[in-house]
Amino acid sequence: MASQPNAEEAAPGAAGPWRLAWRRLRRNRIALAFLGLFVLIVAFCLAAPLWANQVADTGPNDTHTLEKLGVGGETREVVSPSGKPIGPQWFEADGKFFLGADGRLGRDEMVRLMYGGRTSLLIGFSAAAIMTLLGTILGLLAGYYRGWTDTLIARTMDVIWAFPVTLLAIALGLALAIGGLRIGPIHLSGESIWIPILIIGFVFVPYMVRPIRGEVLSLREKEFVEAAIAQGASPLRVMFAEILPNMLSTIIVFFTLNVANAMLLESLLSFLGVGVQPPNTSWGTMIGSGFDLLTSAPLLTLLPGTMIFLTVLAVNVFGDGLRDALDPRAKVRVQVEARAGMAADEVSGGVAP
Amino acid sequence: MARFIVRRLVGMIAVLFAVSVIVFLVFNVIPSSDPAQRMAGKAATPTLIESINEEWGFDDSLPQQYVKMMENIFTGDLISYEGRENVNERIVEGIPATFSLCLGAAVIWMFFGILFGYLSAVRAGGRLDNSLTVLAVAGISMPLPLLAAFFLNYLTYKTEILPSGGFVEFTENPLEWAEHLILPWVTLAILYIGFYSRVLRTNMLDAMHEDYVRTARAKGLGERKVMTRHVLRNSLVPIVTLFGLDVGALLGGAIVIEGIFSLGGIGEYAFLSLKNQDLPPIMAIVLFGAFFIVLFNALVDIAYAYLDPRVKLGESAQ
């Protein structure tokens with residue numbers, strides 16, 4: 001997006017839609033502030049190896065159960081005999097156990113928080129990319145070809161829709177965590193993080209297909225599409241070179257929404273033990289393992305939970321700003337359509353200008 | 001109308017059939033989940049496994065097994081692999097807790113979602129609107145386990161204001177029933193409160209520019225009446241749509257909440273059965289959940305036509 005306005009700088013005065021959107025976004029201080037927060041969180045997670053090697057001197061899965069920590073003159077046990085992990089040490093132990101240990105195994109909570117964030121972000125963005133891609137392609141096909149293609153896609157989506165999303169994701173998560181996934185040449189073991197990515201990417205697809213389909217249906221009646229068809233453009237060309245660019249702002253907004261949804265579902269699945277599997281760790285698995293120690297060490301749950309909350313909040317607020325900038329009239333309608341499904345076409349048809 | 005209902009019914013049955021086949025297949029093609037092996041335990045002898053296979057019909061072809069299972073679901077004879085309990089009875093036992101949770105949460109989120117959305121829209125741009133908007137975004141960004149942990153930590157363990165969980169039947173003691181359910185209700189409702197108030201605010205702001213609102217003002221209607229009778233009423237249509245779909249799909253959220261607050265409802269049973277790869281209850285619960293989703297989908301369409309006369313039922317069924 002940033003490159004778009006530069007490309008148009010040659011023609012002063014003629015501000016394209018992207019350039020206008022960029023101007024609107026730049027004026028939205030709140031959205032930019034939350035984008036900044038998001039960048040900070042990503043930087044925090046990217047710095048994981050640096051902190052682990054240079055400061056904490058331990059890995060995310062290294063256990064320190066029986067070790068003692070020399071702080072000032074006294075020694076402190078990483079895990080007390082009763083099983084209570086050490087609390088935050090801040091810089092007292094030169095950055096070791098900055099946020100304390102994570103439980104009986106005595107792993108460094110700070111190091112895990114940083115590495116866990118990498119997994120959560122990776123899953124959030126990969127799953128969002130998958131659902132955006134699938135949702136866009138299926139929506140394009142259904143809306144462009146209509147007829148039996150539309151019926152087939154719509155009925156398939158209906159079936160996925162009939163499952164409670166969380167229940168479907170949990171069932172798939174359990175089944176695949178135990179057995180792994182083998183489809184043709186693709187072979188994933190049960191602990192691969194691609195399993196939660198694929199599951200999350202898959203279960204949310206129907207939420208995107210319908211609104212995209214609706215938009216394709218209205219776009220394909222426009223003159224420029226007729227013109228392209230009259231010039232002999234192939235269906236693929238019409239779909240991807242004519243219709244798709246006109247839906248880009250919707251798709252971008254959807255992508256931010258998808259990231260937020262994917263990260264929340266990841267945390268839920270991992271919390272229940274059916275998402276990210278050891279040795280990988282994510283903020284969700286950390287909440288799950290911390291929950292058992294809620295009475296003695298609430299920080300172990302509240303910290304990773306707050307990280308998810310802040311990340312999703314940043315994505316949501318920036319997404320709102322992006323939406324306002326790209327289409328000031330659209331506001332939250334895209335969300336309604338994404339969730340309202342069945343009646344969505346009528347909702348937008350009835351309310352939209 | 002009759003044609004619509006018939007078509008909707010046929011569609012519902014087809015979807016439920018597809019759902020049941022998918023669940024059945026998923027749990028039959030997982031490599032490590034041979035139920036006979038699991039039931040026989042660690043000290044399994046070939047003869048024991050054979051007799052289990054014989055008794056439960058695991059040697060039959062998959063279609064035969066599927067038909068048998070569906071028959072049992074509808075006659076109430078379905079027996080779980082784990083613990084050999086009657087599945088239908090367990091589900092019926094779980095209904096009070098799960099329905100109390102879902103209905104209570106739904107009432108709370110509808111009330112506060114509409115209230116906050118209305119206040120936000122009426123005072124658009126003001127301080128109240130800004131704070132409510134912040135709260136709403138925070139609500140939709142909140143991971144359920146974090147919220148639950150927060151409540152449990154500060155309202156239960158540290159201050160002992162509210163119980164940490166458990167379920168008391170309404171008929172036994174209505175006060176304790178509510179006291180035990182407050183935290184689960186609020187935890188489940190917050191996401192929806194945030195979402196609904198945002199949607200309602202946007203819709204109301206859109207509706208305020210409609211001609212019928214100008215007409216209402218022009219004929220001298222008070223501002224409050226314009227807002228409630230015209231703007232709010234017309235903006236509630238998509239909310240009703242969302243509400244139907246969300247209530248129908250609530251079993252998913254119930255799994256997490258019931259587990260955390262040990263309510264002992266259907267959600268908790270579902271998660272336990274999933275962990276044990278206990279196919280009969282999984283099958284029954286998924287169908288139970290899917291039934292409500294499909295049912296509420298149909299109800300939403302009917303309600304939609306009722307609220308908005310421009311929608312004809314025959315078309316919305318497409």
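A short reminder: the numbers here are calculations on the coordinates, not readings from a lab. These numbers were taken from a predicted model, which means no experiment stands behind them. Please note: Cβ atoms are built from the backbone with ideal geometry, for glycine as well, and neighbour counts cover all protein chains shown.
Key figures for this structure:
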read-out: Nonlocal Lys pairs with alpha-carbon distance under 22 Å, the protein assembly as shown (8 or more apart, or different chains); value: 5
read-out: Whole-angstrom gap from region B:151-191 to region B:214-232, using each part's C-alpha centre; value: 41
read-out: Average beta carbon contacts from partner chains per residue of A:295-306, 10 Å cutoff; value: 4
read-out: Between helix B:87-122 and chain B: long-axis angle, C-alpha atoms, 0 to 90°, nearest 10; value: 20
read-out: Span-like helix ranges in chain A, DSSP H, alpha carbon extent 15 angstrom or more, Kyte mean at least 1.6; value: A:29-46, A:165-179, A:248-271
read-out: Ranked list, fewest to most other Cβ atoms within 10 Å of each Cβ, for A:Val209, B:Val240, B:Val6; value: B:Val6, B:Val240, A:Val209
read-out: For A:His64, B:His209, order by how many other beta-carbon atoms lie within 10 Å, fewest first; value: B:His209, A:His64
read-out: Compactness of the protein assembly as shown - radius of gyration and Dmax, Cα, Å; value: 26.5, 87
read-out: Exercise: per-residue mean of other protein chain Cβ atoms within 10 Å, B:255-262; value: 2
read-out: Cα gyration tensor shape of region A:93-232, rounded if a/c is under 1.5, else prolate or oblate by comparing a/b with b/c; value: prolate
read-out: Helix-derived mean residue ellipticity, 222 nm - over the protein assembly as shown, DSSP H n ≥ 4, -39500 (n - 2.57), to 500; value: -21500 deg cm²/dmol
read-out: Under-5 Å amide H pairs with A:Glu77, H placed in peptide plane, nonlocal only; value: A:Leu69
read-out: B:Ile95, A:Ile130, B:Ile193 arranged by Cβ crowding within 10 Å, fewest neighbours leading; value: B:Ile95, A:Ile130, B:Ile193
